[in-house]
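> Questions regarding the structure given below will be posed in turn.
The values are calculated or read from the model by the stated rules, or taken from the named source; none is laboratory data. Remember, predicted model here, so these are calculated numbers, not experimental data. As a convention, Cβ positions derive from the backbone with ideal geometry for all residues, glycine included, and neighbour counts pool all protein chains shown. Heavy atoms of the whole protein, side chains included, go into the accessibility calculation; ligands, DNA and RNA do not. Shrake-Rupley method; radii C 1.70, N 1.55, O 1.52, S 1.80 Å.
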Amino acid sequence: MDDLILRTVARVLVPLVQLCGLAIIAYGHVSPGGGFAGGTVLAAGFVLYALAFGQEALDRRLPERTARTAESLGAAWFAVLGLVGLAAGRNYLANVLPPGSPGRLLSGGIIALVTAGVGLKVAATMVTLFRRLMGGEGGERP
Amino acid sequence: MILVLIGVALLGVAVELPPFGERAVPSWNEVARHYLDRSLNETGASSVVAGIITDYRGFDTLGEVTVLFTAVTALLVVLEGRSRP
């Protein structure tokens with residue numbers, strides 16, 4: 001699709017949408033939101049970009065290989081983070097970092113780190129689902 | 001016909017659901033009170049929901065992430081297989 005209005009609006013909107021997604025992920029432990037919601041918003045930015053500029057443009061900005069790496073990295077990060085609890089002599093996925101002062105960005109122990117991993121994972125999942133269901137042949141083969 | 005029967009049964013159950021905000025239900029027990037009273041001090045997260053899903057029930061969320069991973073893997077298997085001869 002090649003539409004001037006869509007492209008102009010998307011050029012302004014995509015950074016704002018993605019910034020909003022990142023903010024929702026980063027403040028997941030302070031305010032409503034979190035990895036799942038923020039990751040979806042972040043992916044919606046990529047989807048809007050692909051709809052406005054075409055899948056080839058998305059493939060250049062975010063190659064499928066990168067999305068797949070982010071996918072695995074997000075899940076693995078979560079699982080490995082759980083081992084930190086074991087290493088500290090507590091349960092798997094125990095919150096070993098100090099809670100900090102509630103309401104600040106640096107609080108909640110490992111919750112922010114877990115949320116970041118989940119957000120990365122969900123965003124990559126959404127983009128991959130979109131790309132595959134759109135029948136994108138542009139994705140590189142593994 | 002079967003769908004209508006299932007729908008009528010579900011509607012009959014829905015009538016029996018407790019009203020929103022009702023306290024005399026089995027799910028309002030010491031667990032919910034524990035979360036509301038202590039999650040701020042125990043996890044340091046001012047969002048109680050975040051404290052529950054990533055701290056108290058972190059293992060459950062890990063399973064959820066695994067579900068997403070499996071879904072994408074299955075999708076890639078199906079669609080990659082179709083595009084090849």
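> Return a yes/no flag: does region B:55-74 have any residue that is open to solvent by 90 Å² or more (accessible area, probe 1.4 Å) and farther than 30 Å from A:ALA123 by Cβ.
no
> Among residues belonging to region A:85-100 that are assigned to a helix (DSSP H, G or I) and either within 21 Å of A:LEU22 (Cβ to Cβ) or open to solvent by 70 Å² or more (accessible area, probe 1.4 Å) (or both), point out the one that is nearest to the other protein chains (Cβ to nearest Cβ).
Among them, the one singled out is A:LEU86.
> Continuing with this model, one more query. Would you point out the residue of region B:25-75, among those that are outside any helix (DSSP H, G or I) and within 7 Å of chain A (Cβ to nearest Cβ), that is farthest from the chain's Cα centre (by Cα)?
The residue in question is B:GLY44.
> Just to verify a result, which residue in region A:101-128, among those that are within 8 Å of chain B (Cβ to nearest Cβ) and open to solvent by 50 Å² or more (accessible area, probe 1.4 Å), is nearest to A:LEU51 (Cα to Cα)?
Among them, the one singled out is A:PRO102.
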